[in-house]
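Nothing in this text is a laboratory measurement; each read-out follows from the coordinates by a stated rule. None of these values were measured; they are calculated from a predicted model. Ideal geometry is used to build each Cβ from the backbone, glycine not excepted, and the neighbour counts take in all protein chains shown.
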Amino acid sequence: MGCRNCKKEKCPDTLLIDGEEIEGCALRNVTRESLMFIRAYNYFKQGFFPNEGSWLNQPAKLLDAFSVIEKAITSIEEEKERKRKLFRT
């Protein structure tokens with residue numbers, strides 16, 4: 001039987017995310033609020049803000065969440081590129 005959170009056969013025992021070690025399945029640690037920020041981020045990338053106005057009219061907590069999400073995505077993309085280059089040689 002696999003992981004009930006991510007449906008993988010076996011989750012890594014420890015994940016390193018932004019310098020912090022997370023035990024077990026990372027999806028187990030995602031909250032409803034986190035999912036809402038990720039959903040809002042996806043709309044933001046398409047040019048839409050959750051609240052009327054520009055970025056100055058958005059809550060600081062939302063903008064902080066967007067920064068964290070963007071940093072995580074950049075880190076994942078850099079790691080993928082590093083692995084791609086490593087396996088090309």
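Okay, here's what the table says:
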| quantity | calculated |
| --- | --- |
| Dimensions in Å of segment 31-88 - Rg and Dmax from alpha carbons | 14.4, 47 |
| Theoretical gain in end-to-end length, Ile73 to Ser34 [0.36 nm per residue, Cα-Cα removed] | 12.6 nm |
| Order by protection proxy (mean Cβ within 10 Å, highest first), peptides 31-43, 74-86 | 31-43, 74-86 |
| Lysine pairs meeting the criterion (Cα under 19 Å, 8 or more apart or interchain), as found in segment 31-88 | 5 |
